[in-house]
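See below for the structure under consideration.
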Amino acid sequence: MEAIVKKRIQQVLKGDKNAFGDIIELYKDKVFQISYRMLGNRHEAEDIAQEAFIRAYVNIHRYNMEYKFSTWLYRIATNLCIDRIRKRKPDYYLDAEVPGTDGLNMYSQIPSDGRLPEEDVEGMELQAMIQQEISKLPEKYRAVIVLKYIEELSLNEISEILELPLGTVKTRIHRGREALRKQLRYV
């Protein structure tokens, strides 16, 4: 896949604007997932994903072909998410009630996968609780926890995306896990 992406990048650099559409199709879901996991809001995640692709297109000449394109793109998306988190109002909650519903939040909109309704409710409550606790982590821990455990990226990929030394990534994952463990004890 990386060879296809690099071929498309070469086409974009030569002036073929349509070639970037193929790149978007390959990565749009993953960029959205990373954004959604970090922000917890579908609309903000869509905005960030779109902005990440715009920035990647505008700055495609800065991309170093020796590295994976996905790492570069995920770093753009992650940085945009961190910027958005910094600009947020402190009273914004990820599990806010959906207007016009009777106590439902966005987690309750997850479609059924064939399990019993009780299991779905328990799973959604647990997911909402964990996501809420992740959102309370300091951003430096939140980013590595999301990338490692939700997006399942390797330590090296996280290191490249966040532009941090591998040792720092390991330390932040450990400290983030410990902070999350402490938070979950009191829930």
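A few remarks follow.
- Within region 156-187, being aliphatic (A, V, I, L, M) and closer than 20 Å to Ile76 by Cβ holds for Ile158, Ile161, Leu162, Leu164, Val169.
- Ala19 vs. criteria among the small types (Gly, Ala, Ser), loosely packed, with under 12 Cβ neighbours inside 10 Å and more than 30 Å from Ala128 (Cα to Cα): no
- Scanning region 93-151 for residues that are modelled with pLDDT of 85 or more, among the hydroxyl-bearing types (Ser, Thr, Tyr) and open to solvent by 70 Å² or more (accessible area, probe 1.4 Å) gives a single hit, Tyr149.
- In region 48-74, the residue that is nearest to Lys148 (Cα to Cα) out of those that are charged (D, E, K, R) and modelled with pLDDT under 95 is Lys68.
- First in region 29-53 and open to solvent by 40 Å² or more (accessible area, probe 1.4 Å), second anywhere and outside any helix (DSSP H, G or I), Cβ under 9 Å, 6 or more apart: Lys30/Glu151; Gln33/Glu151; Arg37/Glu151
- Each residue in region 9-28 was checked for being free of Cβ contacts under 8 Å to residues at least 40 places away in the same chain and within 26 Å of Glu152 (Cα to Cα), and 6 pass.
The values are calculated or read from the model by the stated rules, or taken from the named source; none is laboratory data. Note that this is a predicted model, so its numbers are computed, not measured. Reconstructed Cβ throughout: ideal geometry from the backbone, glycine too, with neighbour counts over all protein chains shown. Each accessible area value is taken on the protein alone, full model and side chains, heavy atoms only, with ligands, DNA and RNA left out. Shrake-Rupley method; radii C 1.70, N 1.55, O 1.52, S 1.80 Å.
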